[in-house]
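Input: a single structure, listed below in C-alpha cells.
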Amino acid sequence: MTTVLTTAAPRPSFWQSSFVQHVIGITRHSPTFTAGVVIVLIFTVVAIIAPLLAPYPPTRTFPDAVLSGPTAAHWFGTDGNGMDVFSRVLYGCRYAFGIAIPALLLMLIIGVPAGLVAGYVGGLVDDLLLRTFDIFRAFPTIVLALAVVAATGQSLIIVVIVLGFLEAPIFARIVRAEVLALRSSELVESAVVIGNPTWRILLMHILPNSIRGATAQCAVRMAWAIRVSTTLAFIGVGIQAPAPEWGVMIRQGAEYINTGEWWIATFPGLALVGLVLGLNLLGDGAQELLDPKGRDSR
Amino acid sequence: MIIVQYLARRLAFVIPLVLGIVFITFMLVRIGGQDAVGMLAGPMAGKAEVEMIRRNLGLDKPLWEQFFIYAQSVLQGDMGKSWQSGRPVLDEILTRISASLELLLISIALGTLVGVPVGLRAAMKPNKAFDQISRIASLISFSVPTYWMALMALFVFFLGLGWAPPPMGRLDLAVFPPATVTGSYFIDSLLAGDMQAAGSAAGHLVLPVLVFSLIIAAPTIKQTRAIALEVLGSDYIRLARLYGYGKGTIRRIALRNSFVPIITYIGAELATLLAAVALVELVFSWGGLGQWGLNAILFGDFAAVQGYVLVLALFASSVYLIVDLIVLIAEPRMRR
C-alpha cells in the first residue's frame, strides 16, 4: 500500500517535455522556418514596445543636430529634418505590421470564399472568375497599386485596401485548385449523400481541407505587402513624410546619398530587408514543413 | 488538330482581353474623384466655364459612351495629350521605350544566364552545400528592395570608389547620342563606330544592369531549382533510371523537360519587369518609360498615366501570348 506513491513516474524535465521535443523536431526538419519565426518575433516585439525602446519620439526634431552622422546621442544619425533615425526605424515596424496584417486579412476574406465558390460551383462562375483574373494579371500589380492609390487618396487605409484586393486572386487560385481536387473525393461525396446542405459542405468539409496551401502563402504575402507599401512610399505615393515609415525614410535619404549622408537611407533599408527576409524564410520553411515531398525528392 | 483548336481558343480570348485591359485603364483614372476639369479650368473659372470645358471634353456624356469614344481612339493609336508636355502620349512613349527596353533586356539576359545554371546545379545535388548557399543567397537578394539596392550600389561605386559615372542619364553630358537604329545607345554607337559614345553608354549601363540582374536572378534560381527537382522526381526519369540510362542521358532528358516550364516562368517575369524597371530608372535618372510613367502618376497627368498603364498591360499580355505559343511548339506532349 505504501509503495504506490513511490512508483509514480518522475515529472519529465523541461528538456524532455513534448513541447520542446516538438520545437526541436521542427527546427531539425526546417531550420529556415525557425530562423524566420525568430526574426519575425523580434520585429513583432520591437513593434509592440517601440515607445519603450526608442530614445526619442519619432518626429521630434533636433535643430542643432541636423544631418548628424551616427553618434552616441543618435545611434543611426539624424535626417535632414534633424529627426533621430534610430527611433524612426523602430517606429517603422509599427507601419510595416499595421499595413501587412490588415492587407493579409483582406486578401483572405476576399480570396478564400471566391476560390471556394469558383472551385465548387464550377462552370460559368468559375470561367468568369478565371478570365477576370487573367485580365488583371496583365497589369503589373505595383503600377496598378501606384495608379489607384495616387488617384484615390494618400492614406494608409487606401494602401491597405488596394494591396488586399490586388493579391486576393492568389489565394483564390490556390484554394480553387484544392477544392477542385476535393470536390470528387469520397469525403465530399459521402457528405452530399448524407444530406448536408451545400453551405455546410463548403464550410465544414471542404474549407478545412483546402486551406493548407493557403496558410503557407500567408507569410510570403505579408512580405509582399510590406515590400509594395514601402515602394509606394519611396516613390512618393501613399504614406507621406514625416511619418516614420521605412519607404518614406529611404525616400528622404535618397536625396543625400550622393553627398555622403548614407545613414538616412541605409538603416531603414536594413530593417526592411530584415523583416521581409524573416517573413520569406518563415513562408519558405512552412512550405517545406507542409509539403516535405517538394524539398528532397530523390 | 489539338494545336489548331488550342490556338483558336487562345487567340479568341485576345479580343475580350484587350477590351478588358482598355476598360480597366479607362476606369483607373475615373475612380479617384480627382477633378480633371477643375484642374484645367483653374481656381478663377466660373460655373459656366467649368460646364463648357466639361462639355468640350465630352465628360457630360454617359460613362459607357465615354468608354466607347476612348476605346475607339485608343485603337486608332490616339492616347490623348500629356498636359505636362503638351505632346501626344504615344510620341512620348515611343521616344522613351527603347531606353527602358535596353536596360530590361540586358538585365534579364544576364539574370537568366546566372539564375538558370545556378538553379539547375542546385537541383542536381539537393541539400548539399551549393544548394544551401544558393538558396540563402537568393532568399536574401529576393528580400532586398530594388531601389534600396540601387541606392547602396550608387553609394559604394559612385561616391565611395568612384568607379561608376554619376546617376544622370545614359551618356556623359559631353557625349552626343548616336543616330537611332535599335534605340540602344550602346549598340547604336557601336554601329556608328563611335567608340567614345559606346564606352560612355556601357559605363552608364553597368551599375543599373548589375543591380537589376541581381534582382532578377534571385527568383530565377528558386524557380529553376523547383522545376528541375520536380522533373528529376517524375515518373519518366525514374523509368529512365530503371532502364539503366547513364547519368548524362538522364540529365539531358531532365534538362529538355525543364526547358518549357522555365521558359514559361521567364516569360511571366519579363511581363512584370517592364514595370519593375521603373524603380531602377528612377534612382539612376535613366529617362526611360518607367521614370516618365512614375512622374505622370505623381503629377496626376491622366492621359499619360493611362498610356503608361495600357502599354504595360499590352506588353505583358503579348509576352504571355508569345510564351504560350513557344510552349506549344516546344512541349512534346502538346504535339500529339
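Taking the conditions (1) in contact (Cβ under 8 Å) with a residue 60 or more places away in the chain; (2) within 14 Å of chain B (Cβ to nearest Cβ); (3) not β-branched (Val, Ile, Thr) in turn, residue A:80 satisfies each one other than (2).
Taking the conditions (1) out of contact with any helix residue (DSSP H, G or I) (no Cβ under 8 Å at 6 or more places or on another chain); (2) modelled with pLDDT of 85 or more; (3) not charged (D, E, K, R) in turn, residue B:209 satisfies each one other than (1). If you go through region B:299-320 and pick out every residue that is surrounded by fewer than 16 Cβ atoms within 10 Å (Cβ to Cβ) and either touching a residue at least 60 places away in the same chain (Cβ under 8 Å) or more than 10 Å from chain A (Cβ to nearest Cβ) (or both), you end up with 1. When residue A:241 is tested against (1) away from every other protein chain (no Cβ under 12 Å); (2) closer than 19 Å to residue A:150 by Cα; (3) outside any loop (DSSP other than H, G, I, E, B), only condition (3) is not met.
Screening residue B:82 with (1) of a type in the set (S, T, N, Q); (2) under 18 Å from residue B:205 (Cβ atoms); (3) surrounded by 21 or more Cβ atoms within 10 Å (Cβ to Cβ) gives one miss only, at (2).
Mind checking which residues of region B:176-196 are acidic (Asp, Glu) and within 17 Å of residue B:98 (Cα to Cα)?
Hit for region B:176-196 is B:188, nothing else.
Applying the selection to region B:188-233, what residues are among the polar types (S, T, N, Q), surrounded by fewer than 24 Cβ atoms within 10 Å (Cβ to Cβ) and farther than 20 Å from residue A:227 by Cβ?
Passing the criteria: B:196, B:200.
Every test in (1) buried (at least 17 other Cβ atoms within 10 Å of the Cβ); (2) more than 10 Å from every other protein chain (Cβ to nearest Cβ) is passed by residue B:274 save one, and that test is (2).
Quick check, is residue B:178 closer than 21 Å to residue A:260 by Cβ and outside any helix (DSSP H, G or I)?
no
Only one of the listed residues (A:185, A:229) is free of Cβ contacts under 8 Å to residues at least 40 places away in the same chain and either in contact with a Leu (Cβ under 9 Å, 6 or more places away or on another chain) or surrounded by fewer than 18 Cβ atoms within 10 Å (Cβ to Cβ) (or both). That residue is A:185.
Determine, yes or no, whether residue B:154 is exposed (fewer than 14 other Cβ atoms within 10 Å of the Cβ), more than 21 Å from residue A:29 (Cα to Cα) and either more than 9 Å from every other protein chain (Cβ to nearest Cβ) or within 26 Å of the chain's Cα centre (by Cα) (or both).
Numbers: exposed (fewer than 14 other Cβ atoms within 10 Å of the Cβ): no; more than 21 Å from residue A:29 (Cα to Cα): yes; either more than 9 Å from every other protein chain (Cβ to nearest Cβ) or within 26 Å of the chain's Cα centre (by Cα) (or both): yes.
No; evaluated as a whole, the condition is false for this residue.
Taken across region A:163-178, residues that are aromatic (Phe, Trp, Tyr) and at pLDDT 85 or above do occur, with at least one present.
Do we have any residue at all in region B:131-146 that's without any contact (Cβ under 8 Å) to a residue 60 or more places away in the chain, within 18 Å of residue A:247 (Cα to Cα), of a type in the set (A, V, I, L, M) and facing another protein chain (nearest Cβ under 10 Å)? No, region B:131-146 contains no residue that is without any contact (Cβ under 8 Å) to a residue 60 or more places away in the chain, within 18 Å of residue A:247 (Cα to Cα), of a type in the set (A, V, I, L, M) and facing another protein chain (nearest Cβ under 10 Å).
Take the residues of region A:199-236 that are hydrophobic (A, V, I, L, M, F, W, C) and more than 21 Å from the chain's Cα centre (by Cα): which is modelled with the highest pLDDT?
Taking region A:199-236 first, the residues hydrophobic (A, V, I, L, M, F, W, C) are A:199, A:201-204, A:206-207, A:211, A:214, A:216, A:218-220, A:222-226, A:228, A:232-235.
Pick out the ones that are also more than 21 Å from the chain's Cα centre (by Cα) and you get A:199, A:201-204, A:206-207, A:235.
Working: A:199: 82, A:201: 83, A:202: 82, A:203: 81, A:204: 81, A:206: 83, A:207: 83, A:235: 89.
Only one residue tops the list, namely A:235.
What number of residues within region A:91-132 satisfy the criterion of being touching a helix residue (DSSP H, G or I) at 6+ places or on another chain (Cβ under 6 Å) and either acidic (Asp, Glu) or within 11 Å of chain B (Cβ to nearest Cβ) (or both)? Residues meeting the conditions: 1. Of the residues making up region B:44-52, none is within 26 Å of residue B:76 (Cα to Cα) and either modelled with pLDDT under 80 or surrounded by 14 or more Cβ atoms within 10 Å (Cβ to Cβ) (or both).
I need the helices (runs of 4 or more DSSP H) fully contained in region B:225-336, keeping only those with at least 2 residues that are of a type in the set (Phe, Trp, Tyr) and over 18 Å from residue B:25 (Cβ atoms).
Numbers: elements: B:235-243, B:247-284, B:289-298, B:302-330.
In region B:225-336, the matching helices (runs of 4 or more DSSP H) lie at B:235-243, B:247-284.
For region A:189-216, what are the residues that are within 13 Å of residue A:171 (Cα to Cα) and not small (Gly, Ala, Ser)? Answer for region A:189-216, where residues must be within 13 Å of residue A:171 (Cα to Cα) and not small (Gly, Ala, Ser): A:207, A:211, A:212, A:215.
The values are calculated or read from the model by the stated rules, or taken from the named source; none is laboratory data. Small disclaimer: the values here were computed from a predicted structure and weren't measured. Every residue, glycine among them, receives a Cβ derived from its backbone with ideal geometry; neighbour counts consider all protein chains shown.
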